[in-house]
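Data block below; observations after.
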Amino acid sequence: MQQHGNKLYATATKPEPEPVSTWVPWKLLNISTKTYSDKEIMYNHPLHQQVKEVLQSAALKNAKADNEMAVRLIANAADMQQLFQQLYGHRADAEKHFAELLQTVVTAHKQRSAALQTLDASKQTAEPWFISNELVGMSLYVDRFAGSLQQLEHKLDYLDRLGVNLLHLMPIFESPANESDGGYAVSDFRKVDARFGTLKDLQQLQQTLQQRGMYMMLDIVLNHTSHRHEWAEKARQGDPFYKDFFYFFPDRTLPDQYEQTMPEIFPESAPGSFTWVPELNEWVMTVFHNYQWDLNYSNPAVLVAMLDTIFFYANLGVDVLRIDAPAFIWKQLGTTSQNLPQAHVLLRLIKLCVQTATPGMALLGEAIVAPAEIMKYFGTDRFTARECDFAYNATHMALQWDAIATGDTRVMLAAQHELLRKPYGTSWITYTRCHDDIGLGYDDYMIHAAGFNPWEHRRFLKDYFSGVYEGSPAKGALFAVNPKTQDARISGSLASLCGLETALRNNDAAAIDMSLRKIELMQAHHFFMGGLPMLFYGDEIGCINDYTYLNDSGKSYDNRWMHRPMIQWDSINIDDTATVAGKVFAATQQLIALRKQLEIVSDRSNLEWMTPHNIHVAGYVRHLPNRRLYCVFNFSDKDAWLTWYAFREKGMHFSRMKDHVSGQQLPVGSDREYLVLPAYGYMLLEGVE
Ligand code: GLC
């Protein structure tokens, strides 16, 4: 060993270069063994062997895509092994399962079609493909929006006209009709439920989307299976291998201990977190509904089986995989069994595997948890921006509802310092509504900071949106009311929560106009703030609550169905702009078109909040080196006056500004003059010479 300055160098003999024609990346591994002893550089020789063997046994061709995958595997293998060891290193069978995991990764690559491999390559751009302002998504139930997968193809022109180019198909894999939780209780991860069509239909749809330059997003329900899944059925029959896929307990001792610290998710419809299995005389863990059995990820066989399922979806051509309920995937006695560090280790490991074999598929972690916790799903420390590519901006979504109910943006602003910590290279799903309830899960200190009492404030919001508060135009309902804690979340469609249902019932033209403005403001505010806007089907045409779920015993216990409408296309004419549907469609279409024109609103960590000179106005600046876009939104039902200083303070030095929404130019006033934003109005302003 020689010492140069403060660095140590191993003395080594340079190996003979290999002839270029036989070069394959995994032979890179040989360089180190020829040059250094394992001990000197702590080279992980067993892993080297393992990676080499798995690559050799795959008999890959020397094609570009094969070589690139091998390079990625070599680059990622040490991290993959380290993460795996953190979870399973104590087990005698750890090595065997790690070998299976590597095999699963390489097999996934081998099974990937050439077309998808080409797409993968095209997505490896300098900036992640998914932060682009040109993407706009929609979540939809295939049956409730279009009828079936085949019929959905006929709706693509409609979506195209709207401007939507990424489709999130709500769960379509087999799920027992009356015990389905909207498809989130999956009995077969690989069989499309007959209600929607066949796997072939799905493949056909994916092809069509790809040809049209559209993207597809599907769910993987990682945390649990239906109690009718084959694994659960085998466990119920006493098969020890599959019993170990779930958490079973012979009596209530441990379940009682767990329940002391585990919050209930559906306290009304599914209290507790364990269900009695009479066939076995045992209890099984069921954090969500009693028919959703939690998978036991402390068993590495579960991880490998679910990884294989993830790759099955990846190779169907999924562009964004929504990982359902990742906060719950690791359980530990004495904790909430949510957001545990091991859940993050699992997600990082999954990310590395996906990045190796199917790199074109981005991961969305559906963690609807406290703001500081959501942030961790993007990865921390050495794994920053190496966990989930996307998370839902659930905090901001709820804060928009807070602001529209109170007309006051202070709580929203008090939360932003947390949200701005999102790392570059990751992105938000931004939204106003999805198929789930709205949880008011932001922190108490944010409410305090705005000068309110958190308990009173949340009570006001619940009363306001459930229509109990006198004078509230909103028509929603409380969901998952917990009698022990008084916690509750909110159901209701965008339009109904914005007062449209009440206004239509009262045939009140002024109130209808106000609610339409609110709908548009709610969409506009998140469309330009960075992230991928995800519309919820029906909201683009102002659908109000659909109460038909009450007649269906498989749904009536769950009022989230009120905002999951059956679209009655016969009664909708989007071309008639005198109708509500026509108006909302046209406004949404314009917003989408505007977003696509403004490259500055791509999610490049280039957002800065404006100083709140008027508490009714939430304003942010999007910036590029030579450009600034000032986006201002009035959340109150009256005109709001905003000093021109608010813009100057943030670097605006022009005498005129153009509003991209109206296309009009405005003269900029002095610091003592004001820009007037009408009730629920908004502008996207940019300086002009
Ligand atoms: C997710 C889904 C929700 C479902 C739950 C259990 O939160 O969005 O609809 O009930 O997971 O799978």
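Where a number appears in this text, it was derived from the coordinates with a stated rule and is not lab data. In this text, all values refer to a predicted model and were calculated from it rather than measured experimentally. For neighbour counting, all protein chains shown are included, and Cβ atoms are generated from backbone atoms with ideal geometry for every residue, glycine included.
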(request) Look at I323 and say whether it is part of a strand (DSSP E or B) and within 29 Å of F452 (Cβ to Cβ). (result) no
(message) Among the numbered criteria (1) in a helix (DSSP H, G or I); (2) on the phi > 0 side of the Ramachandran plot, which one does G147 miss?
(response) (1)
(message) Can you tell me which of (1) buried (at least 20 other Cβ atoms within 10 Å of the Cβ); (2) farther than 18 Å from I541 by Cβ; (3) under 21 Å from the mean Cα position of the chain (by Cα); (4) within 16 Å of the ligand (Cβ to nearest atom) is the one Y141 doesn't meet?
(response) (2)
(message) Yes or no: segment 162-183 includes at least one residue that is out of contact with any Gly (no Cβ under 9 Å at 6 or more places or on another chain) and more than 16 Å from the ligand (Cβ to nearest atom).
(response) yes
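Listed here are the residues, each with its yes/no results for (1) outside any helix (DSSP H, G or I); (2) among the acidic types (D, E); (3) within 15 Å of the ligand (Cβ to nearest atom).
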residue	(1), (2), (3)
M217	yes, no, yes
Y258	no, no, no
E264	yes, yes, yes
T275	yes, no, yes
A305	no, no, no
F312	no, no, no
(message) Quick check on this structure: which one of D308, D294, D244 is more than 20 Å from E366 (Cβ to Cβ), out of contact with any Ser or Thr (no Cβ under 6 Å at 6 or more places or on another chain) and of a type in the set (D, E)?
(response) D244
(request) Return yes when H448 is within 16 Å of the ligand (Cβ to nearest atom) and surrounded by fewer than 21 Cβ atoms within 10 Å (Cβ to Cβ) and no when it is not. (result) no
(message) If a residue must be charged (D, E, K, R) and under 26 Å from S113 (Cα atoms), how many such residues does segment 325-363 contain?
(response) 2
(message) Quick check on L202: is it crowded, with 16+ Cβ neighbours inside 10 Å and closer than 28 Å to D603 by Cβ?
(response) no
(message) Looking at F246 and the list (1) under 24 Å from the mean Cα position of the chain (by Cα); (2) surrounded by 19 or more Cβ atoms within 10 Å (Cβ to Cβ); (3) within 16 Å of the ligand (Cβ to nearest atom), which single condition is not satisfied?
(response) (1)
(message) Being away from the ligand (no atom under 16 Å from the Cβ), among the charged types (D, E, K, R) and either in a loop (DSSP other than H, G, I, E, B) or at negative phi (or both) is the filter here; which residues of segment 367-411 pass it?
(response) K376, R382, R386, E387, D389, D402, D408, R410
(message) So in segment 184-206, with the set limited to residues that are small (G, A, S) and touching a residue at least 24 places away in the same chain (Cβ under 8 Å), which one is nearest to D308 (Cα to Cα)?
(response) S187
(message) Against the definition (closer than 28 Å to Q111 by Cα, within 14 Å of the ligand (Cβ to nearest atom) and surrounded by 19 or more Cβ atoms within 10 Å (Cβ to Cβ)), how does L364 come out, yes or no?
(response) yes
(message) Quick check on this structure: which one of H154, H109, H97 is out of contact with any strand residue (DSSP E or B) (no Cβ under 6 Å at 6 or more places or on another chain) and under 21 Å from V302 (Cβ atoms)?
(response) H97
(request) Considering (1) touching a strand residue (DSSP E or B) at 6+ places or on another chain (Cβ under 8 Å); (2) under 29 Å from L413 (Cα atoms); (3) within 16 Å of the ligand (Cβ to nearest atom); (4) not aromatic (F, W, Y), say which one I329 fails and leave the rest. (result) (2)
(request) Might you let me know whether segment 596-612 holds any residue that is part of a helix (DSSP H, G or I), surrounded by 15 or more Cβ atoms within 10 Å (Cβ to Cβ) and more than 23 Å from the chain's Cα centre (by Cα)? (result) no
